[in-house]
Structure formats: C-alpha cells, structure tokens
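The values are calculated or read from the model by the stated rules, or taken from the named source; none is laboratory data. Here the structure is a predicted model, which is why all the values come from computation and not from measurement. All accessible areas refer to the heavy atoms of the entire protein, side chains included, with ligands and DNA or RNA removed. Shrake-Rupley method; radii C 1.70, N 1.55, O 1.52, S 1.80 Å.
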Amino acid sequence: MKFRCLLVISVVAVCLNSCKKNGVAPAPAPTIVGKWQLTKQASELYSNGVVIKTVVKSNFTTSDFVEYYSDGTGYYSTFTPAGPSLSEFTYTIHGTDITEFVSAENAGFPETVTTLTSNTLAIHAVSQVPDPSDPGITDTEIDDITYTK
C-alpha cells in the first residue's frame, strides 16, 4: 500500500511540475520600419577641419518625418510654407549602417543608426557638401538627427 501511495504521489508531483505556465514571449527586436517624427537635428559644418557653422533645430511640425517601409523604400516629408514636401528614397541596412538612395544614379547616402528602440531612432551622418561662400570648395557636414514614433 505504501508503495502505491508513493507511486501515486510521485506521478501527481511529476504531472504538476510539467504543467508550468508558458513564459511571456520575448518582445520583437526594434525595427526601423514605420513613421518617425523628427524631433531634433544638430548640424556642424567643417572647412579644413575647423567648425564654421553649428545649427541645432528642434521646432518641427507633424509634416517633418521620415517613413521606412519593409520593402526597402520610404519617403521624407518636410514642412514648407506651401505645404509638405515629399521625397522618395530606397534604402539598405547592414547592421547599424543604413544607406539611402534618392535616385537610381545616386551612389547612396551613408548613415549610422546610433539608437534604435521601439519609439526612438537616432542617426549620425557625415557628408561632403559645397561651401556656402565658395561652391568650388568642399566642406564636411556632420548631422545627428533624432526621431520619435
């Protein structure tokens, strides 16, 4: 009789132990796909390694955003007095590197994703641009752009 009791208790204990609740499924990794509202842009313009202009802008409207689609396309919207101005682009992502292409002939504009959470996106970009006072000279522009969903 003792053996049967021990056997029944053992079987019940094993059954109860195997009926654990499933844990919460892990949250999916954040993705760049979606609509991101522009919240801050900090830009520095360098000529021969010397800062010649610094601009920090944070007064954006709901018309200032970027939207990334899962098929590698997207568009920028910028507020203008005449209404939103839209620019289409395609993009590729490799790790934290994102390259945006404005046209088929465009070699691509490289950027680095510095922050990506479910509601924050920050991008760092370095580009070569014409000097504002002498278009024959090339300057370096560094932009740090922050978005929120």
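Accessible surface ranking for Ser47, Ser70, Ser58, 1.4 angstrom probe, highest first: Ser70, Ser58, Ser47. The relative contact order of segment 49-109, computed from alpha carbon pairs under 8 Å that lie at least 6 residues apart in sequence, is 19 percent.
Taking θ as phi - 60° and the Karplus parameters 6.51, -1.76 and 1.60, the scalar couplings of segment 40-56 work out to 7, 9, 10, 10, 10, 10, 10, 10, 6, x, 10, 5, 10, 7, 10, 9, 10 Hz in sequence order, x denoting glycine and proline. For Ile137, the accessible area of its heavy atoms, probed at 1.4 Å with every protein chain present, is near 80 square angstrom. For the set Glu44, Glu100, the ranking by accessible area, highest first and with no ligand, DNA or RNA atoms included, is Glu44, Glu100 under a 1.4 Å probe.
Annotation: amide H of Gly108 within the under-5 Å range of Val102, sequence separation 5 or more or interchain, hydrogens built in the peptide plane.
3J(HN,Hα) along segment 123-131: 10, 10, 9, 10, 9, 9, 9, x, 5 Hz, from the Karplus curve 6.51 cos²θ - 1.76 cosθ + 1.60 with θ = phi - 60°, whole Hz, x for Gly and Pro. The order of Ile52, Ile145, Ile98 by accessible area, most exposed first and with a 1.4 Å probe, is Ile52, Ile145, Ile98.
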